[in-house]
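Notes follow once the structure below has been shown.
The values are calculated or read from the model by the stated rules, or taken from the named source; none is laboratory data. Here the structure is a predicted model, which means the values were calculated and not measured. Neighbour counts are summed over all protein chains in view; Cβ atoms, including those assigned to glycine, are modelled from backbone coordinates with ideal geometry. With ligands, DNA and RNA removed, areas are computed over all heavy atoms of the protein, side chains included. Shrake-Rupley method; radii C 1.70, N 1.55, O 1.52, S 1.80 Å.
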Amino acid sequence: MTIIRKLDLLGVLLNVALLSTNICPTRAQYCDTTDVCIYCAVGTSTCADGYTTPGGGACGADGVQIRNPKGPGVTYSKFWCGSYYVGVVDSTWDALKPVWLWSGGEVKACTSDTKTLFTCAKSRFTAIEDTCDCVVSSRFACSDFDLGDTWPMECLPIVKATEDTWTNTNFYFKQENPVPSLDPLDPSSVSITKKIQVSVSVQFGWLDLWGSVWDCHTAACRNISFSNEGCTGTNVKEGDPYGQEQPQECNTTCNGRGALCTVDYIRYNYIPKTGTTPPYRIITFEGSFLAVYNALLNLRYRPDPLQNSLRLRSQQYNPTSTQLLPFERLIAMVSMSGRVVSVLRNMVVIDDVDNAPVLTNPTLTYQPPDECSTNPLTTLEACHFGQFWRYEDTDSVLSIPGIQATDVDLFETCTSSVPQCTQVDINVLTLKGTTQPNSKVGLNLYQNSRSALGFDGFLSDCNAALLVLSYSVETTTLLGTSSSTVLYYNTQHSGNQEYITVSVSDQGNTGTSMVAEISSTVVPVTIVAANDPPQLAVAVTEYSVVEDTLKSLAGMTVTDPDVNEVIESTLAKLDWLNKPEYALSINAILVQLSASKGRLFLGYSANLQLTHTAEFSVLTVRSGQDRDGAADYCRMRDFDYTAAADAVTWNPLGLGTDSLQVVVRGSARAFSSVCYYVNVGEAACPTAAESGCRCYVFDYCDTTHRTILLFNRSRAGYDDYRAALAARVMQTDLTCGGLPFQRWPDDFSFAVPCPTCDAGTPCPTCSAMPKCRTLAETG
């Protein structure tokens, strides 16, 4: 069971005081049993009462004082290569003599230089008088940086850690061998029966045993990322796993944590920061010698987000810690029977990890105009083309603002006097068009071609260049020329694309790996299709013909660069693509030929749609069998289905009949008033003025799914009638059963299969089909 409660503030502060008084402010100070710092003057051989130096040397020469044992209850220090402890000798109780060890051997570093490491020359201690080579070396390395009382310049054993990563602390203690020159005892053979308590504290990170730290989170925040994004309420603040910016205590147990977890309890304490002092995070556990030994072997540490040794020394990122304590201390305190037996101070060397730079992308926060959602029929270009667009074959400049680069650790190696000491590298690549920067001040511009920019510089100068990018589909000098690589190019057909890729590299300026981190972002640009005019070419300037003789007029060719483009544009669909009067004009060229005196004949007519001659104009209404969800235009015709079981008079418009009526300028007009007569000169229509004249109508709904009407171009108002008819078609229910039909094999409407369609054949119209028509009438 996990218990979270407020911790007694006085008790916490007393514990911190106990930890702190064992750590004297400068390297020439050490502590006695009453936690009073004893001074040994540098350069003298006089030690405080009860202290001596190894080999009788001067205090300042070796910097080490050893307390001479005077009898039971006297504390003494041993500082050997590969181990060191503070032990208690007392004949009245079990003697706990911890010997501190580090996996892989003891490595030290100076608190002023965490990059330079010193390793002991010997693999194990041999006698109490031995001094570790790394102690002597590192003492001199540190002496040049001694700043007095600001913070202690000293050499400490190190614990290795990695930024934003859980790492085992890899330090532990064993019991001293009765023969001190021999290796410490195996933990399983130690006979101490009393409970041993271990407390470990850090200030810039977290500690954890077997994942138990998550017991001190609310359920919603367990097993999530270290940054704890999304946690609310009493969860995590300033890296505190216990939920509050006040003294907290959280107790948990070993339940379900495996065979090695045998300590009696695990307790987490959080002491908030006071003024400029960072918070303390403490883990405490208690148990047998073997239990706490196994616990130390499994103790792990993770620094606060983005924290590392470089950052702790950076006045930009951590101005407070730089002045007070520019490194992470891991302090371990061992107690037994209420007595502090040993205090070990480690310095945590946190390797920095190169965090990738980040680029903002203006498209990710773009909000279209309100009109786009409130008016489905709007023709506002921004509602159809997106945030950034330009028309095909233009040189007008498009401004693209909002791209900026950030890097959370770019300046970790910089000083306060030179806050920007590292540079980034920027690349701006445009797939088809051309892009120019906002500014070139302070940049090393190593690439500046039509579609590629490459430059490096300080982050502020690079961001000034990216502040507003200037894009054009084509440069003014190449616009419309054969040298243009984007002539007739647009992104509204054939999957064509246009985009600008911006990438930033931190060039590996931070991070122990020294490998560059690169981030990229893509800004899409819509190149809107423009209707490019067709071109007519004639091989000869003049044709010679013979009177009353048919002559072939060869050598005329028509080309159109975009006639076959299948445009995908919501604006084009709204404006003309989805309107039936334009159905036959899509991806087609209208060619008009005329002769002032003679007559023209087509020698080839396959795949051509005749629209008009000198006498008549052709209007074809075709069901959209080539499009999903298309309309059933044939449903508008005059039906002749009279089966007894399904006798229905259903003529929504009368399409395909002489009596087809639409309203033209406020008056109803029949098709016969403007149609081209099919029987002029016959007995029923000798002069085209008789009532027996019949319109030229082709009803092919049952075969090719279309109706063809011919208009007499000489009859007044035929253009108005034709336009009114197109509008009426658009306003009429065009579907079978009130729903669009689909292509085979889903050729049905109103959830009823079209019954007369052959298997495997598209069913483009249901207008003459009894079952579908009946449902449409009754349903």
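So here's what we get for this one:
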read-out	value
PHE140 vs. criteria part of a loop (DSSP other than H, G, I, E, B), more than 27 Å from TYR293 (Cα to Cα) and modelled with pLDDT under 80	no
Residue pairs meeting the criteria (Cβ under 7 Å; at least 6 apart or on separate chains; first at positive phi, in segment 684-701; second not acidic (Asp, Glu))	ALA688/TYR677; ALA688/VAL680
Selection count where residues are basic (Lys, Arg) and either free of Cβ contacts under 8 Å to residues at least 12 places away in the same chain or in a strand (DSSP E or B) (or both), scope segment 658-677	1
Residues that are out of contact with any helix residue (DSSP H, G or I) (no Cβ under 8 Å at 6 or more places or on another chain) and assigned to a loop (DSSP other than H, G, I, E, B), drawn from segment 286-318	SER288, ASN298, ASP304, PRO305, LEU306, GLN307, ASN308, GLN316
Failed condition for THR510, given (1) touching a Ser or Thr at 6+ places or on another chain (Cβ under 7 Å); (2) within 27 Å of GLN592 (Cβ to Cβ); (3) not acidic (Asp, Glu)	(2)
Residue match in segment 565-573 (condition: in contact (Cβ under 8 Å) with a residue 40 or more places away in the chain and of a type in the set (Ser, Thr, Tyr))	yes
Residue in segment 303-326 that is within 25 Å of the chain's Cα centre (by Cα), of a type in the set (Asp, Glu) and open to solvent by less than 60 Å² (accessible area, probe 1.4 Å) present	yes
Strands (runs of 3 or more DSSP E) within segment 457-526 that include 3 or more residues surrounded by fewer than 18 Cβ atoms within 10 Å (Cβ to Cβ)	518-524
Given (1) farther than 22 Å from SER520 by Cα; (2) surrounded by fewer than 18 Cβ atoms within 10 Å (Cβ to Cβ), number of the condition THR406 does not satisfy	(1)
Selection status of GLY386, surrounded by fewer than 21 Cβ atoms within 10 Å (Cβ to Cβ) and of a type outside the set (S, T, N, Q)	yes
Residue tally, condition part of a helix (DSSP H, G or I) and more than 19 Å from ARG281 (Cα to Cα), over segment 166-213	3
All positions within segment 421-435 that are over 24 Å from ASP409 (Cβ atoms), open to solvent by less than 60 Å² (accessible area, probe 1.4 Å) and either assigned to a strand (DSSP E or B) or modelled with pLDDT under 95 (or both)	THR430, THR434, THR435
Search result, residues across segment 251-279 that are part of a strand (DSSP E or B), within 27 Å of ASN318 (Cβ to Cβ) and either open to solvent by less than 30 Å² (accessible area, probe 1.4 Å) or of a type in the set (D, E, K, R) (or both)	TYR268, ASN269, TYR270, ILE271
Total residues in segment 484-514, condition of a type in the set (Phe, Trp, Tyr) and on the phi > 0 side of the Ramachandran plot	1
